[in-house]
Each structure stands twice: as C-alpha cells, then as structure tokens.
Amino acid sequence: MDAAGWDERYDTAEFVWATEPNRFLPGEVEGLVPGRALDVACGEGRNAVWLATQGWSATGIDFSAVGLAKAAQLAEHAGVTCDWMVADVAESRPAGAPAGPQFDLVVLFYAQMGAEGRRNMLASSALALAPCGTLLWVAHDVTNLADGVGGPQDGSVLSGPDDVVADLLAAVPDLVVERAEVVRRPVERDGGVVDALDTLVRVRRHD
C-alpha cells in the first residue's frame, strides 16, 4: 500500500492500531539509558509516544501525513513532545529523513515491504545508529503464512531473522547481533488464543 492508501486508512476518528506500545518494546529496551530514539514507519506513533513517556527524545518517521497527524494527537494526549517527519523509508535516500549516526535507539515494527524496500530501510536505519546504539526489528515472520495466524498473506513482504540480519550487516558489518529469532505472539481468535509468528532481531552498534 502506498502513502495515499495509508492516508485513507488512517483517516478515521478512531486509531487503526492500539495506542499502547507494541508488546515486545518495553521488555527489549528495558535497561537502556534513554537518549535519542527513532521510530521508523511509525504510523500513528504509539511506540514513539511511549518511548517519550519513558524519557526518550523520540522522532517518528512515516510516509503517511495523516498517520503522523494522529501521532501528534496521541503525543499531546500523553503530555509528551515528539518530532514527526514525513518520508518514504523504503527509498535508498529518503528525502527529509534524519541522516548520520545520531540515534541511541532505532525501532522498526511491522514495516512489511518487499526485499528492496526492506534492504533500503534497514540500511538507512543501521547507519542512523550512534555508537553503542540499539536497533530493534519486529515483523510478521515468513513462517507465519503456513504456521501462524493473521498478518500479510503476500510472501513477498515477509522475511525471517536471517534475512534481516544479512541486510543489517551488509550496511554496517560490525553490528553485534544480540537476538535474532522467531517469537510467538498470542492472538485471540474465535473465542480462543492462537499464536502468530514474528521475527525479532536486536542488534547493537560498536562504540
């Protein structure tokens, strides 16, 4: 879906996604000293806003101006300030995106796209990491198609831990891989609970 499509999807009074942070975010950043954080493909901003409430100086970037407007509303409601930037993170050099190694934390949640866009997005995200900075990727795993539930049904926008790590190391070879695995995410379906399968990758940049 392009920016216009997401603008249309986000153009509702209610939030499309939950306003709480992604379930994996708090545990994966626990213990990190708050600094500058970048939420890539942030949508309606729930993760950037939560990071700001935890003391991070948060920036959210997305190609949907409508999504970012709702993100700003969410931040105001939470009593925090974030920076919001409109840019297409799938481009090799996103116009308007932050440049240079300046972020202590970069998070990418469910930014599902084809291989070329994913490589571009992960490369620019890894290069944005400051020394000792952490990058966290969570997305629907390719195995979710056959063995999980929900998520995109187009395999071309799915990947696995090895794909993500390879893309990151191609951009910044000295990244330290702290975690790269498929994780289970409980989802309520038809009165019961089933598992969706996600990729979770966390890397750290050398000092």
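The values are calculated or read from the model by the stated rules, or taken from the named source; none is laboratory data. As the structure is a prediction and not an experimental result, all values here were calculated from the model. In this analysis, Cβ positions are derived from the backbone assuming ideal geometry, glycine residues included, and neighbour counts consider all displayed protein chains.
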Quiz item: Taking residue 31 and the conditions (1) of a type outside the set (A, V, I, L, M); (2) surrounded by fewer than 23 Cβ atoms within 10 Å (Cβ to Cβ); (3) touching a helix residue (DSSP H, G or I) at 6+ places or on another chain (Cβ under 8 Å), which numbered condition does it fall short on, given that it satisfies the others?
Solution: (3)
Exercise. Kindly provide the set of residues from the stretch 99-118 that are surrounded by fewer than 20 Cβ atoms within 10 Å (Cβ to Cβ) and under 16 Å from residue 37 (Cα atoms), ordered by number.
Key: 99, 100, 101, 102
Quiz item: Condition test on residue 163, is it under 27 Å from residue 51 (Cβ atoms), modelled with pLDDT of 95 or more, in a helix (DSSP H, G or I) and not basic (Lys, Arg)?
Solution: yes
Exercise. Identify all residues within the stretch 170-181 that are touching a strand residue (DSSP E or B) at 6+ places or on another chain (Cβ under 8 Å) and not in a loop (DSSP other than H, G, I, E, B); write none if there are none.
Key: 176, 177, 178, 179, 180, 181
Exercise. Being among the small types (Gly, Ala, Ser), touching a residue at least 40 places away in the same chain (Cβ under 8 Å) and outside any helix (DSSP H, G or I) is the filter here, so list the residues in the stretch 85-118 that pass it.
Key: 111, 114
Quiz item: How many residues are in a loop (DSSP other than H, G, I, E, B), under 13 Å from residue 16 (Cβ atoms) and within 14 Å of the chain's Cα centre (by Cα) if we restrict to the stretch 43-71?
Solution: 3
Self-check item: Tally of residues being part of a strand (DSSP E or B) and touching a Leu at 6+ places or on another chain (Cβ under 6 Å) across the stretch 182-207
Solution: 4
Exercise. Go through 12, 19 for me and flag whichever is touching a helix residue (DSSP H, G or I) at 6+ places or on another chain (Cβ under 7 Å) and either over 19 Å from residue 204 (Cβ atoms) or not in a helix (DSSP H, G or I) (or both).
Key: 19
Quiz item: Going through the stretch 165-207 one residue at a time, which ones are in contact (Cβ under 8 Å) with a residue 60 or more places away in the chain, within 18 Å of residue 119 (Cα to Cα) and β-branched (Val, Ile, Thr)?
Solution: 199, 201, 203
Quiz item: Taking the stretch 119-146, which residues are surrounded by 20 or more Cβ atoms within 10 Å (Cβ to Cβ) and either at positive phi or in a strand (DSSP E or B) (or both)?
Solution: 129, 133, 134, 135, 136, 137, 138, 139, 140, 141
